[in-house]
1. Could you report the accessible area of T44 in Å², rounded to 10, computed with a 1.4 Å probe on the protein chains as they sit in the structure?
2. Please give the FRET efficiency for T59 paired with N95, using the beta carbon to beta carbon distance and R0 = 25 Å, rounded to the nearest 0.05.
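The values are calculated or read from the model by the stated rules, or taken from the named source; none is laboratory data. Nothing here was measured: the structure is a model prediction, and the numbers come from that model. As a convention, Cβ positions derive from the backbone with ideal geometry for all residues, glycine included, and neighbour counts pool all protein chains shown. With ligands, DNA and RNA removed, areas are computed over all heavy atoms of the protein, side chains included. Shrake-Rupley method; radii C 1.70, N 1.55, O 1.52, S 1.80 Å.
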Amino acid sequence: MVKLRLIILVGLCGLIGGCSSHQAQQMGIQGSSVNSYARQMSNTQLCETYLGKRATNQTRVSLAAEWKHRKLSRAYCSKQENEWYLTKFAKWLANEKEVEPK
């Protein structure tokens, strides 16, 4: 019984880790709203809220101002959205800095 639970837990972790933000959103795993100021959001959160894929309590104007300030683009957001969580975790472990959008 314990082995079965362990196998299921490892399988679920592998499933979640082996998908991208976009896939997680389609499965309904990442659907919560972002309730922080636009300046405090990560680039991924800002992309998702500005493009209307996640709910937020911030105004469209504040999101647009921060979007412009960080010089984000739809291409950058699409790339971030399709990056797998395992890749993000590996970059975090390697202390790799995120490439600034152009």
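1. So the heavy atoms of T44 present about 30 Å² to solvent.
2. 0.10
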